Each structure stands twice: as structure tokens, then as C-alpha cells.
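Structure, as C-alpha cells:
The values are calculated or read from the model by the stated rules, or taken from the named source; none is laboratory data. Source: prediction; values computed, not measured. Don't worry about glycine lacking a Cβ; one is built from the backbone with ideal geometry, like all the others, and counts go over all protein chains shown.
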Amino acid sequence: MNRDAVYRLETRPKRKIDPSKYAGFKFWVPKAIAEEDQNPKTQLWRGEPTEDDQRAERFRRVKFLRKYEKDNPLIRAIADRLAACRRGNRCCSGACPECGWLLQRWFVRKSKAFISDVIDKDDQQLVAISIIPSQPFVAPDQLNHFSIDNLQRRLNFALDKIGLGAAIGGIDFSHNEDRDGKYDPIWSVHLYIITSIINEKHSKRLLKETYQSDDRIPRPIKVVDFNNSARRRSYALKTIFWRRVGYDEVKADGRRCRNTKRQRLRVKEKLELFAFLNRCGLGGRVIFRGAKPSVRRGRVKIRPPGGSYQANAKKCQKTAKNAPRKASFRPRTLYL
Ligand SMILES: [Zn+2]
């Protein structure tokens, strides 16, 4: 679509948005987005979309929602919210690609120091852990019943089991199906966590007790070394969502392996996902463990809960032994 045409699409008068009136509101999100909106929009990582790209994507999304808003007040409300989004009056909707991108940029900037000062330790391995839970099974049309808070609680419980210290990251969604109809389509949830571990094998084994594999998800846990680059940090909060179509591939040497193709979401899937993202909010997708967003004089930083970096580093060293916690120890690390 011609970009100028996209800009002309929304001509309705802009109204003032109060993000605190919407579901999934987190006090720090509008502040972090406003702070990032003031920064020059220089590219932070290779392959990052531009401000114009994201604005055009927002207009495309509004145009798409307008097509289906008739007799659907929820879709109309999301379209109105996204249409009113602009600098100084950001909508902060989880379905807004512009606000999502600004929060992603904020995360990329602010997580750098937290990773190097709190998470990264000389005697441990700095890693990114990707988790794709096979449970709960989220069937198409059921995303609205899915609780992102419960997902975060379960994750925290699993990370407690391996005695993990501080970690930050994000949650992504895709619609998964098999090309040959081997399994029913599902909404797949991806957790991406940046943390440090002592023993990769041991951590993986314990995580697999909580996140088990099945036909649809043969490798639910992936652990890779993390180099604290902006590009790798940006993976935590993606703003574009896809349909993943899995299929069996036969290699030239006769080996069979599983492969995935990325395709656009269908209309029904887009409507369901945008409604869900709008409800859970942008802040609900961010994972903070042994970390919390702290607002001071209009600036939002990622800090250890109730302490300086140094105090938290000690705290994390105490808890980061890869062994189960004592029953009497109550973790106080989920800050949403
Ligand atoms: Zn917005």
C-alpha cells in the first residue's frame, strides 16, 4: 500500500486517551513509552523497523479493524484507541504496533545495564532461554480465556525450582498448525528469558519437568549463550505476529526433519489476537524476575526490587545456586 495513502486513511478528530482506564494497565508503561518517544529515532539494532514503518503498520491495522468493526463494539473500541494514538497521547494498547515498538526500544536501552550489572556474573553462563509450554493448550477461539498472569506465575514457579536469580524477558505469540493436518492448530506462547545459570544441563533437565515436549512441541526448551547485543535484547518484545506452518522435510541424504514456514495470520486469527493483546496490555508481556521498573523524575529504569544493583547482586548470588529452594523461603520476585 502507498504510504501517503495510509496516512490519509485516518481523518477522524483525535481524542485524549487515558491508558489507566483500560484493562491490563501498568503504571510504568505510559511513562516508559513517553520517555522513549522523546529520544531520537536512530536505529538501535540491525533490521529494526523505522518510525515510519511502525506508523504505517498502525494505520494498516486501524484500516483492517474498521472493516470488521460493524456489530463488534470491542473491535471498534480497539480501532478508535489505535486511531487516536500519537506523540504526547499514546494509546499504550497491546495491539498498537507503534506503542509496542516504543516499549521494545525502551526495553532494549534500559535492559543493557541491568543485564551487565545484575544478571551477568563471572562464575555463571549468561544465556537466553526460550520456552514454549505445551500446556495450557490454547485452541483457536480460546485465546480470550487465556491468562497471561497465570503464565507468568507458572514460569516463576518453574524458575524457582531451578534456583534461578534475576531474569528479564518477554512473551510472544504465534498461531501454529501442521501443513498436513497432523495436529489441531493452537495458539503457541513463547517465553524468552535473559538470565545466567551455573549448569546448563541441570537447568534444562529441571525445566523439562515443568515444560514437557509433545507432538506439536518437540523441543520446548532451548538454551543459547547471550551476548547482550541490542538485537538479541530486542527479541524479548516482538511487535509483529505470525502463523507458523510446520511440515516434515526430507533432506538430500534421506534424513527427515521438522521445519516451519512463516505466513501471515488470517483475518479471524488477527481479530482474536488483537483483542487479546489489547486486553492483556503491553506491560503484561514483559517478564521481570528479581527486577522491577522504577519511575524517578519521569524516567523509567529497570532496577532490583528495593535495592541498589550491588545489594541485588549479593541477593542473586545467594539464590542462584542451581538447587531447589528451602521450603521456608518465599520468593518475592514477580513484579508485573
Ligand atoms: Zn499506540
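Kindly indicate whether ARG58 is buried (at least 17 other Cβ atoms within 10 Å of the Cβ), free of Cβ contacts under 8 Å to residues at least 60 places away in the same chain and either within 10 Å of the ligand (Cβ to nearest atom) or at positive phi (or both). Judged against the criteria, ARG58 is a match.
Report yes if LEU126 is at pLDDT 95 or above, over 17 Å from the mean Cα position of the chain (by Cα) and more than 19 Å from ARG219 (Cβ to Cβ), otherwise no. It is true that LEU126 is at pLDDT 95 or above, over 17 Å from the mean Cα position of the chain (by Cα) and more than 19 Å from ARG219 (Cβ to Cβ). If you take the residues of region 30-45 that are free of Cβ contacts under 8 Å to residues at least 12 places away in the same chain and out of contact with any Ser or Thr (no Cβ under 8 Å at 6 or more places or on another chain), which of them is nearest to ARG87 (Cα to Cα)? The extreme case among them is GLN38. Scanning region 108-127 for residues that are touching a residue at least 24 places away in the same chain (Cβ under 8 Å) and either within 16 Å of the ligand (Cβ to nearest atom) or farther than 17 Å from ARG299 by Cα (or both) yields ILE115, SER116, ASP117, VAL118, ILE119, ASP120, LYS121, ASP123, GLN124, GLN125, LEU126, VAL127. Among the residues of region 223-232, is any of a type in the set (D, E, K, R), in a helix (DSSP H, G or I), touching a residue at least 40 places away in the same chain (Cβ under 8 Å) and surrounded by 16 or more Cβ atoms within 10 Å (Cβ to Cβ)? Yes - at least one qualifying residue is present in region 223-232. For the residues ASP71, ASP53, the requirement of being free of Cβ contacts under 8 Å to residues at least 40 places away in the same chain and within 16 Å of the ligand (Cβ to nearest atom) singles out ASP53.
Right, ARG266: among the basic types (Lys, Arg), modelled with pLDDT of 95 or more and touching a Leu at 6+ places or on another chain (Cβ under 9 Å) or not? Criteria not met by ARG266.
Across region 136-155, the number of residues qualifying as surrounded by fewer than 19 Cβ atoms within 10 Å (Cβ to Cβ) and either touching a residue at least 60 places away in the same chain (Cβ under 8 Å) or in contact with a Gly (Cβ under 8 Å, 6 or more places away or on another chain) (or both) comes to 6. For region 188-199, the criterion of being among the aromatic types (Phe, Trp, Tyr), under 30 Å from LEU103 (Cβ atoms) and at pLDDT 95 or above is met by at least one residue. For region 272-293, the set of residues classified as surrounded by fewer than 19 Cβ atoms within 10 Å (Cβ to Cβ) and either out of contact with any Pro (no Cβ under 9 Å at 6 or more places or on another chain) or assigned to a loop (DSSP other than H, G, I, E, B) (or both) is empty. Residue selection: VAL29 satisfies the criterion of being under 18 Å from the mean Cα position of the chain (by Cα), under 30 Å from GLY165 (Cβ atoms) and within 13 Å of the ligand (Cβ to nearest atom). Has region 2-21 got any residue that is aliphatic (A, V, I, L, M), modelled with pLDDT of 90 or more and within 23 Å of GLY283 (Cα to Cα)? Checked region 2-21: no residue is aliphatic (A, V, I, L, M), modelled with pLDDT of 90 or more and within 23 Å of GLY283 (Cα to Cα).
None of LEU159, LEU82, LEU103, LEU65 is touching a Leu at 6+ places or on another chain (Cβ under 8 Å) and over 21 Å from ARG15 (Cα atoms) except LEU103.
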